[in-house]
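Peer 1: Before I ask anything, let me first share the structure, which is written out below as structure tokens.
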Amino acid sequence: MADTFDLTVIGTGPGGYVCAIRAAQLGMKVAVVEKWPSFGGTCLNIGCIPSKALLHASEMFEEAGHTFPQLGIEVGAPKLNLPAMMAHKDDTVASNTGGIEYLFKKNKITAFKGTGKIAAQGKVTVTAEDGSATEIETKNIVIATGSVSANLPGIEIDEEKIVTSTGALKLDKVPDNLLVIGAGVIGLELGSVWARLGAKVTVVEFLDRILPGMDLDVAKQFQRMLSKQGFDFKLGTKVTGIEKTESGLVATLEPTAGGEATTLETDIALVSIGRIPFTDGLGLDDLGIERDKRGRVVTNGHYKTNLDGIYAIGDVIAGPMLAHKAEDEGIAIAEILAGQAGHVNYSVIPGVVYTNPEVASVGKTEEDLKAEGIAYKAAKFPFTANGRAKAMLAPQGFVKILADKETDRVLGCHIVGKGAGEMIHEAAVLMEFGGSSEDLARTCHAHPTMSEAVREAALGLGDGSIHI
Ligand code: FAD
Ligand code: NAI
């Protein structure tokens, strides 16, 4: 029997590890349980971090080939060393996961390696890989067990030819052809990586648009940009089967609305049709812990499940499956358990697609506002009219701001452009403080910066942008 803890967190992804650290900072005696060899969950091991390492490296590769000559830099055609690029990705992951180990030690958090099962309220059993079990006594339990890739019925993932994001992050050669199933964030990010390195990418999407949930204006323009980069989109189409052949794969495609089936040959197929909550082995059914139709653990406004002392956060509960959403919930529940007023503002959670250019969004889309019957005004400012963008050969995209027609309060901001994922935060901070487009327009912005386009869009909601 191990010590008694104030809090035991099951899972050390961004939700779990951040929750554990904040709880320890607030004076709790904390344990974490992790079944994987390294800490950090999906995000650090097989998600955000390795994908961004490859996105950065492949973007540099592409720039060396296409942008350098325009800048007067002649280095010849770049040569790909894929094992070295993968080593950069692996080093980045190791350095980040090692960082969590350090932070656990620094905050005196006890880490148990093994699969956690909630034996009862206040009791967690950890089963290590060698089968040995440890019982933990704990006042509170936070479930932070995350999510796994969803699969298509009848299609068997082997992580070599038919892959999820996990396999797509470690291909040992650049495929000639890559079929991406699902035009969501994973498909477009990892499709970009392999397209930049030389693959012909075909994206099959069930709906008649890419990036559902993002502002439609943004999604349409972004689709045109990706098409220029060589992506082939088959919208309103579904994959109904994939057959393995000697030379590769043959996928069967059908129009979503019904119609004749066609086939498509490919080397690799990436299944990126969403992720589903992961609760296997936790013993939730035995305890009667409620889950919704989509398998998500049901929680109240304070992350409590239907059982006292058992809470859940991150991808395993409702809401966007994003690392920063999980982190913020981790902090909120730690604060709630410490008797404070932990809270997450779900209306200001930015979303970023880390492609080139990036797509970033916070708050309401134009479609949301129309559906909710909110009277709004919209303004756009293109990066073609921004001096810094021209100097950086990055004139693609725009900033779009949506504000309440009556009060001028900013309700949403959507950016397609280089560095959009950094720029979006000025809109996020503004919105967190209930700011107006006039507040943004009156804030002095350094020149020359890409962020001036954000201000110019805000000016467009008032007396007019200066540079268009
Ligand atoms: P997870 O990170 O999934 O962690 C859950 C942890 O629980 C895992 O370590 C697992 O081993 C452990 N676990 C599960 N069951 C048990 C058990 N019974 N006992 C012990 N341990 C257990 N989000 C972003 O915001 N930005 C991005 O750029 C981004 N990129 C992504 C790229 C990819 C390819 C993928 C797949 C996802 C990406 N995401 C991104 C999403 C992000 O990774 C998730 O939203 C985030 O990791 C969720 O955090 P979590 O703590 O809820 O769960
Ligand atoms: P997603 O939900 O973003 O996109 C899935 C896409 O697949 C949708 O466009 C959907 O319409 C389509 N689809 C569903 N079924 C289909 C079918 N049978 N045939 C064809 N298309 C189909 O899911 P994705 O890309 O798998 O990512 C999972 C989660 O991971 C997302 O919730 C996302 O938030 C998170 N993530 C976040 C990243 C970021 O923040 N940059 C990066 C990668 C993942």
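Peer 1: How far apart, in nm, are two points set 7 Å out from the Cα along the Cα-to-Cβ line at K380 and at I468?
Peer 2: Label at K380, label at I468, 0.7 nm between them.
Peer 1: Per residue of segment 448-464, in order, report the coupling 6.51 cos²θ - 1.76 cosθ + 1.60 (Karplus, θ = phi - 60°) as ³J(HN,Hα) in whole Hz, putting x for Gly and Pro.
Peer 2: Using θ = phi - 60°, the values come out as x, 10, 5, 5, 4, 5, 5, 5, 4, 5, 5, 4, x, 7, x, 7, x Hz.
Peer 1: Given points 7 Å out from each Cα along the Cα-Cβ axis, report the F278 to A64 separation in nanometres with one decimal.
Peer 2: 3.4 nm
Peer 1: Still on this structure, please answer the following. Given a cut-off of under 8 Å on Cα pairs at least six residues apart, what relative contact order in percent is computed for the chain?
Peer 2: Values: 1005 pairs, mean separation 68.1, N = 468.
It rounds to 15 percent for the chain.
Peer 1: Let me ask something else. Spin-label point model (7 Å from Cα, Cβ direction): what's the T252 to L207 distance in nm?
Peer 2: In this crude label model, T252 to L207 measures out at 2.7 nm.
Peer 1: Keeping every protein chain in place, order Y102, Y17 by accessible area at 1.4 Å, biggest value first, i.e. largest first.
Peer 2: Values: Y102 135, Y17 35 Å².
Putting Y102, Y17 in descending order of accessible area: Y102, Y17.
Peer 1: Take every Cα pair under 8 Å in segment 341-468 that's 6+ residues apart, average their separations, divide by the length, and report that relative contact order as a whole percent.
Peer 2: Working: 261 pairs, mean separation 34.9, N = 128.
Worked out over segment 341-468, it gives 27 percent.
Peer 1: Taking the Cα centroid of segment 1-74 and of segment 120-150, what is the distance between the two, rounded to the nearest whole Å?
Peer 2: 21 Å
Peer 1: Also: Sequence gap of 8 or more, or different chains, plus Cα separation below 20 Å: how many lysine pairs satisfy both in segment 215-349? Walk me through the numbers on the way to the answer.
Peer 2: Working: K220/K228; K220/K234; K220/K238; K293/K304; K304/K325.
The number of close lysine pairs in segment 215-349 is 5.
Peer 1: Taking the alpha-carbon distance from K173 and a cut-off under 14 Å, which aspartates and glutamates remain once sequence neighbours fewer than 8 residues away in the same chain are dropped?
Peer 2: Within reach: E159, E160, D267.
Peer 1: Further, regarding this structure: Once you have the Kirkwood Rh of segment 57-160 from its Cα pairs, apply Stokes-Einstein at 4 °C and 1.567 mPa s and quote D in µm²/s.
Peer 2: Numbers: Rh = 19.1 Å.
The Stokes-Einstein estimate is 68 µm²/s.
Peer 1: Please report, to two decimal places, log10 I(q)/I(0) for segment 387-468 at q = 0.17 Å⁻¹ as given by the Debye formula with identical point scatterers on the Cα atoms and no solvent.
Peer 2: Calculated log10 I(q)/I(0) at the listed q: -0.61.
Peer 1: So what's the chain giving for Rg/Rh, alpha carbon basis, Kirkwood Rh from the mean inverse pair distance?
Peer 2: 0.98
Peer 1: Could you sort 130-142, 386-398 so that the peptide with the highest average Cβ count within 10 Å comes first and the rest follow in order? Please list the in-between numbers first.
Peer 2: Details: 130-142: 16.5, 386-398: 18.2.
Result, highest mean first: 386-398, 130-142.
Peer 1: For segment 178-260, what proportion of DSSP beta bridges, expressed in % and rounded to the nearest 5, is antiparallel?
Peer 2: On the way: 7 of 14 bridges.
So the antiparallel bridges in segment 178-260 amount to around 50 percent.
Peer 1: If you roll a 1.4 angstrom probe over the protein chains with everything in place, what fraction of the accessible area of segment 368-468 belongs to carbon and sulfur, to the nearest %? It would help to have the intermediate numbers written out before the result.
Peer 2: Values: 2600 of 4850 Å².
Answer for segment 368-468: carbon and sulfur cover 54 percent of the accessible area.
Peer 1: Right, something else. Based on the Cβ-Cβ distance of D439 and E367, what FRET efficiency does E = 1/(1 + (r/R0)^6) give at R0 = 22 Å, to the nearest 0.05?
Peer 2: 0.30
Peer 1: At 1.4 Å probe radius, can you tell me the per residue accessible area of segment 332-468 in Å²?
Peer 2: Details: 6160 Å² over 137 residues.
In whole numbers, segment 332-468 has 45 Å² accessible per residue.
Peer 1: What per residue convex hull volume, in Å³, comes out for segment 231-377 when only alpha-carbon positions are used? Can you show the working numbers first?
Peer 2: Details: hull volume 31.8 nm³, N = 147.
So the per-residue Cα hull volume is 216 Å³.
Peer 1: Would you mind calculating the gained length between L80 and A119 on full extension (0.36 nm times residue separation, minus the Cα-Cα distance), in nm to one decimal?
Peer 2: Values: separation 39, 0.36 × 39 = 14.04 nm, distance 5.09 nm.
Once the chain is fully extended between L80 and A119, it gains 9.0 nm.
Peer 1: If you don't mind, there's one more thing I want to ask. Using a 1.4 angstrom probe, figure out how much accessible area segment 1-118 has per residue, in square angstrom, rounded to the nearest whole.
Peer 2: On the way: 5570 Å² over 118 residues.
For segment 1-118, the solvent-accessible area averages 47 Å² per residue.
Peer 1: Which one, P78, T110, S51, is farthest towards the positive end of the dipole of the chain when Lys and Arg carry +1 and Asp and Glu -1 on their Cβ?
Peer 2: Farthest along the dipole direction, towards plus: P78.
Peer 1: Under the definition of Cα pairs under 8 Å and six or more residues apart, what whole-number percent is the relative contact order of segment 11-63? Provide the component values of the computation, followed by the final result.
Peer 2: Values: 35 pairs, mean separation 18.9, N = 53.
Computed over segment 11-63, the figure is 36 percent.
Peer 1: I need the calculated FRET efficiency for the pair E137 and E159, taking r as the beta carbon distance and R₀ as 45 Å, to the nearest 0.05. Mind dumping the intermediate values first?
Peer 2: Working: r = 38 Å, r/R0 = 0.85.
My answer for the efficiency is 0.70.
Peer 1: Can you list the lysines whose alpha carbon is less than 18 Å from that of K377, not counting same-chain residues fewer than 8 positions off?
Peer 2: Excluding near neighbours in sequence, the set is K364, K400, K405.
Peer 1: If you only keep lysine pairs separated by 8 or more in sequence, or across chains, how many in segment 1-147 come under 16 Å at the Cα atoms?
Peer 2: Lysine pairs satisfying the spacing and distance rule in segment 1-147 number 11.
Peer 1: If you filter segment 248-345 for GluC sites (Glu not before Pro), then keep DSSP loop positions with at most 14 other Cβ within 10 Å, what is left?
Peer 2: Values: sites: E260, E265, E290, E327, E329, E335; in loops: E260, E290.
In loop regions of segment 248-345 (DSSP not H, G, I, E or B), the sparsely surrounded GluC sites (Glu not before Pro) are E260, E290.
The values are calculated or read from the model by the stated rules, or taken from the named source; none is laboratory data. Just so you know, these numbers come straight off a predicted model, no measurement behind them. Positions of Cβ are backbone-derived with ideal geometry, glycine not excepted, and every protein chain shown enters the neighbour counts. Note: accessible area is taken over every heavy atom of the protein model, side chains too, but ligands, DNA and RNA are not part of it. Shrake-Rupley method; radii C 1.70, N 1.55, O 1.52, S 1.80 Å.
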